[in-house]
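The values are calculated or read from the model by the stated rules, or taken from the named source; none is laboratory data. All figures in this text were calculated on a predicted structure; none of them were measured in a lab. Note that each Cβ is placed from the backbone with ideal geometry, even for glycine, and that neighbours are counted across all protein chains shown.
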Amino acid sequence: MTNLIDKIKEIKTEANADNLGMILVHNGVVRATSANGDKISKIRIDYNDRELEALIKEVESSKSVEKVWVWINRGILSVSDDVMYVIVAGNKREELFPVFIDFVNRIKAIVKKEEILRRQ
């Protein structure tokens with residue numbers, strides 16, 4: 001697993017300082033309940049690498065974005081395990097926040113998630 005502090009330092013080093021005003025980080029974790037309230041014990045996660053790579057390239061091409069990095073945890077995960085890390089570095093809040101929210105939502109749309117319900 002990647003150390004987020006090290007990844008942020010790396011992004012700062014590689015980024016164009018003229019286009020770097022903030023770095024946004026998302027850490028998605030496995031919840032104990034599904035969206036409809038069912039108790040879950042585990043989830044199974046998978047995704048298409050090419051779809052994710054294409055999405056990253058698209059977001060990186062935005063003028064307000066300087067660097068993008070995504071890590072998704074594949075396999076069977078337990079409650080409180082990390083599902084994904086998303087980092088988007090770029091220019092200004094008012095430009096970057098909408099891009100970030102849309103990016104995380106689009107990543108979630110390509111991730112295949114199967115919830116394993118807790119036996120009661």
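Phe100 satisfies every condition listed in (1) within 25 Å of Glu10 (Cα to Cα); (2) exposed (fewer than 13 other Cβ atoms within 10 Å of the Cβ); (3) of a type outside the set (A, V, I, L, M) except (2).
Determine whether Leu77 is assigned to a helix (DSSP H, G or I), surrounded by 17 or more Cβ atoms within 10 Å (Cβ to Cβ) and not hydroxyl-bearing (Ser, Thr, Tyr). So Leu77 fails the test.
Within segment 8-47, the set of residues being among the charged types (D, E, K, R) and in a loop (DSSP other than H, G, I, E, B) comprises Arg31, Asp38. Of Val68, Val99, Val88, Val83, all but one fail to be assigned to a helix (DSSP H, G or I) and within 14 Å of the chain's Cα centre (by Cα); the exception is Val99. Scanning segment 1-56 for residues that are within 19 Å of Asn73 (Cα to Cα), free of Cβ contacts under 8 Å to residues at least 24 places away in the same chain and among the basic types (Lys, Arg) yields a single hit, Arg50. Taken over segment 10-64, the criterion of being of a type in the set (S, T, N, Q), modelled with pLDDT under 95 and under 30 Å from Arg118 (Cα atoms) is satisfied by Thr33, Ser34, Asn36, Ser41. The set of residues in segment 48-62 being outside any helix (DSSP H, G or I), in contact with a helix residue (DSSP H, G or I) (Cβ under 8 Å, 6 or more places away or on another chain) and closer than 25 Å to Asp18 by Cβ consists of Ser62 alone. Contact map, segment 86-112: residues that are within 21 Å of Tyr47 (Cα to Cα) paired with residues that are assigned to a helix (DSSP H, G or I), Cβ distance under 6 Å, separation 6+ or inter-chain. Pairs shown: Val86/Val104; Val88/Phe100; Phe103/Val59; Arg106/Leu55; Ile110/Glu51. In the condition set (1) touching a residue at least 24 places away in the same chain (Cβ under 8 Å); (2) buried (at least 16 other Cβ atoms within 10 Å of the Cβ); (3) not in a strand (DSSP E or B); (4) not hydroxyl-bearing (Ser, Thr, Tyr), Glu115 is compliant with all but (3).
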